[in-house]
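The values are calculated or read from the model by the stated rules, or taken from the named source; none is laboratory data. Everything quoted here is computed from the prediction, not taken from an experiment. Cβ placement follows ideal geometry from the backbone for every residue including glycine, while neighbour counts extend to all protein chains displayed. Side chains included, ligands, DNA and RNA excluded: accessible areas come from the protein's heavy atoms. Shrake-Rupley method; radii C 1.70, N 1.55, O 1.52, S 1.80 Å.
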Amino acid sequence: MTYQGLIQRYGQYLDLPAHTKNISLLEGNTPLIPMPRLSKEFGCELFVKFEGLNPTGSFKDRGMTAAISEAVGRGAKTVICASTGNTAASAAAYAARAGLRAIVLIPEGKVAAGKLAGAIAYGAEVIQIQGSFDDALTLVVEITQKTPIALVNSINPYRIEGQKTAAFEICDVLGEAPDWLCLPVGNAGNITSYWAGFKQYQKGLPQVLGVQAAGAAPLVLGHPVEKPETIATAIRIGKPARGEQALEAAQESNGRIIAVSDEEILSAQRILASEGVWVEPASAAGLAGLIAESAKGAFDARGKKIVVVCTGHGLKDPSIITDAFQFPKIIPMNYDALLDVIGGA
Ligand code: AN7
């Protein structure tokens with residue numbers, strides 16, 4: 001049978017109500033890409049779980065197929081979310097597929113171009129709010145308490161159910177859980193989902209390294225951040241909805257949650273791209289964390305199986321790259337000019 005999406009593939013492991021009506025874009029089934037050069041450098045077996053290859057370019061599609069399928073089944077007509085961008089694009093796509101109205105609230109001026117374009121292309125009503133993601137989330141929680149509009153942020157338990165499938169896939173490919181799982185942490189839905197997924201699947205448990213951006217690191221600081229700031233706009237979040245569960249996952253797994261600088265994130269993004277995997281900045285945080293911990297001597301990767309979760313595609317945030325590089329040279333249309341500019345072959 002050809003692949004029919006996550007609910008068909010793993011539905012038996014997901015706690016979804018009987019009324020759920022499967023809405024799928026054949027999300028999931030993303031590759032676990034071996035990274036030979038990084039593996040050699042760390043003396044380990046390092047893999048990237050490339051979640052940027054989901055239908056809307058991020059891991060959010062795993063939870064969204066579940067949340068939208070449940071919402072449709074119970075008769076919802078309109079869904080809403082707050083988003084740093086990827087949730088918005090994903091909600092917009094799955095709502096479009098289901099024939100629902102989608103409203104997405106984003107922080108003004110702080111959403112990467114590819115995500116905003118996606119949300120608009122799929123036909124969502126996109127509203128910028130003069131505030132942060134955290135402010136937007138407060139607003140959508142209030143409106144979904146007072147109206148029949150369905151909330152599809154990761155406070156919605158079905159989002160977590162759907163996102164557990166990434167842990168299942170990793171275990172299915174490796175035959176067991178890896179020794180370490182490194183991933184970015186924003187609103188903390190994903191780390192919560194992975195941990196729940198590994199515990200449920202009973203193929204062993206990884207140690208979990210959750211990585212926040214230094215300018216948006218409430219779980220490292222131990223208190224909310226009122227004005228989070230980072231170039232990794234996906235994780236520009238100061239009050240994670242599932243912060244407690246993220247800390248639990250780190251603690252129970254004998255792992256930890258750390259912060260890395262924007263420079264470290266951009267460096268990790270370049271390193272991944274130099275081995276053929278282009279991810280958006282936030283998605284490079286997991287590797288940035290691994291590199292930072294190893295450099296400090298706080299992480300011995302040797303002989304370990306390590307999965308670095310890359311949550312979103314590089315195409316989501318193209319300006320991060322083009323702003324930082326010289327614009328490609330322009331030459332006259334002749335052979336000599338070409339030879340001249342490349343300086344020989
Ligand atoms: C690429 O889209 O919160 O810790 O509103 O887009 O589960 O929040 C995105 C989060 C990591 C953090 N990597 O995951 C949103 C949003 C990417 C992301 C995260 C996000 P969580």
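Per residue, what accessible area does the chain have, given a 1.4 Å probe and all protein chains present, in Å²?
Accessible area per residue: 43 Å².
First check a/c for the stretch 141-259, with a ≥ b ≥ c the square roots of the eigenvalues of its C-alpha gyration tensor; if it is under 1.5, answer rounded, and if not, answer prolate when a/b is larger than b/c or oblate otherwise.
oblate
With 17 Å as the cut-off, how large is the P(r) tail for the stretch 215-260, expressed as percent of Cα-Cα pairs?
30 percent
Could you tell me the accessible area of E229 in Å² (1.4 Å probe, neighbours in place), rounded to the nearest ten?
90 Å²
May I ask for the net charge around L174, where only other residues with Cβ less than 11 Å from the Cβ of L174 are counted and Lys, Arg are +1 while Asp, Glu are -1?
Net of charged neighbours comes to -2.
Applying the Karplus parametrisation 6.51 cos²θ - 1.76 cosθ + 1.60 with θ = phi - 60° to the phi angles of the stretch 327-336, what ³J(HN,Hα) value in whole Hz is obtained for each residue in order, glycine and proline being reported as x?
Taking θ as phi minus 60°, the curve returns 4, x, 4, 10, 10, x, 7, 8, 4, 4 Hz for the stretch 327-336.
If you build the Cα gyration tensor of the stretch 167-233 and take the root of 5 times each eigenvalue, what three semi-axes come out, in whole angstrom, biggest first?
Equivalent ellipsoid of the stretch 167-233: 28, 11, 9 Å, largest first.
Starting from the amide H of Q212, placed 1.01 Å from N in the peptide plane, find each other amide H under 5 Å away whose residue is 5 or more places distant or on another chain.
Residues meeting the amide H criterion: V185, I258, A259, V260.
Cα centroid distance between the stretch 277-295 and the stretch 31-61, in Å?
11 Å
Determine, from the Cβ-Cβ distance of D15 and D172 and an R0 of 22 Å, the FRET efficiency 1/(1 + (r/R0)^6), rounded to the nearest 0.05.
0.70
How many angstrom lie between the C-alpha centres of the stretch 144-169 and the stretch 234-259?
Between the Cα centres of the stretch 144-169 and the stretch 234-259 lies a distance of 18 Å.
In nm, to one decimal, how far is the K227 label point from the D336 one, both placed 7 Å along Cα→Cβ?
5.7 nm
Can you pull the three principal axis extents for the Cα set of the stretch 123-183, in Å, largest first?
45, 25, 23
Kindly write out, for the stretch 23-39 in residue order, the coupling ³J(HN,Hα) from the Karplus curve 6.51 cos²θ - 1.76 cosθ + 1.60 (θ = phi - 60°), rounded to whole Hz, with x marking Gly and Pro.
The phi angles translate into 10, 9, 10, 6, 5, x, 6, 7, x, 9, 8, x, 10, x, 5, 5, 4 Hz.
Summing Lys, Arg as +1 and Asp, Glu as -1, what charge do residues with Cβ under 15 Å from the Cβ of K316 carry, K316 excluded?
-1
So for the pair E244, T322, with labels modelled 7 Å out along Cα→Cβ, what separation do we get in nm?
The answer from the label model is 4.5 nm.
Residue by residue, what Karplus-based ³J(HN,Hα) values in Hz, rounded to whole numbers, does the stretch 246-259 have, using 6.51, -1.76 and 1.60 with θ = phi - 60° and x for Gly and Pro?
Listing the rounded values in order: 5, 5, 4, 4, 4, 5, 4, 8, 6, x, 6, 10, 10, 10 Hz.
Give the value in nm², to one decimal: projected area of the alpha carbon convex hull of the stretch 242-345, averaged over all directions.
The orientation-averaged projected area of the Cα hull of the stretch 242-345 comes to 10.1 nm².
Sort 285-296, 25-36 by the packing proxy (mean of other Cβ within 10 Å over each peptide's residues), most packed first.
285-296, 25-36
5 Å is the cut-off here: which amide hydrogens, built 1.01 Å from N in the peptide plane, fall below it relative to Q128, excluding neighbours closer than 5 in sequence?
Here I106 satisfy the definition.
Would you mind giving the average projected area, over all directions, of the Cα convex hull of the stretch 77-231 in nm² with one decimal?
If you wrap the Cα atoms of the stretch 77-231 in a convex hull and average its projections, you get 10.1 nm².
From zero up to wherever the largest Cα-Cα distance of the stretch 1-141 sits, split into 5 Å bins and tell me the percent of pairs in each.
With a bin width of 5 Å, the distribution comes to 2, 10, 17, 18, 17, 13, 10, 6, 4, 1, 0.
With a 1.4 Å probe and all protein chains left in place, how much of the accessible area of the chain comes from carbon and sulfur atoms, in whole percent?
On the chain, the fraction of accessible area on carbon and sulfur atoms equals 54 percent.
Given contacts defined as C-alpha pairs under 8 Å and at least six residues apart, what's the relative contact order of the stretch 261-345, whole-number percent?
25 percent
I want to check the label-to-label distance for E275 and A298. Put each point 7 Å from Cα in the C-beta direction and report it in nm to one decimal.
2.2 nm
Within 10 Å, count the other beta carbons around each residue, average over each peptide in 91-97, 246-252, 204-210, and list them highest first.
Packing order, densest peptide first, comes out as 91-97, 204-210, 246-252.
Give the cross-link partners of K77 among the lysines, using a straight C-alpha distance below 17 Å as the criterion and excluding same-chain residues fewer than 8 apart.
Partners found: K21, K146.
Normalising by the residue count of the stretch 90-172, find the relative contact order in percent from Cα pairs under 8 Å and 6+ residues apart.
That works out to 25 percent.
Compute the Rg to Rh ratio over the chain from the alpha carbon atoms, using the Kirkwood formula for Rh, and round to two decimal places.
My calculation of the ratio gives 0.99.
Grab the Cα-Cα distance for E41 and N254, subtract it from 0.36 nm times how many residues apart they are, and report the gain in nm with one decimal.
74.3 nm
Using only the alpha carbon atoms of the stretch 202-291, find the Kirkwood hydrodynamic radius as the inverse mean reciprocal pair distance, in angstroms to one decimal.
13.5 Å
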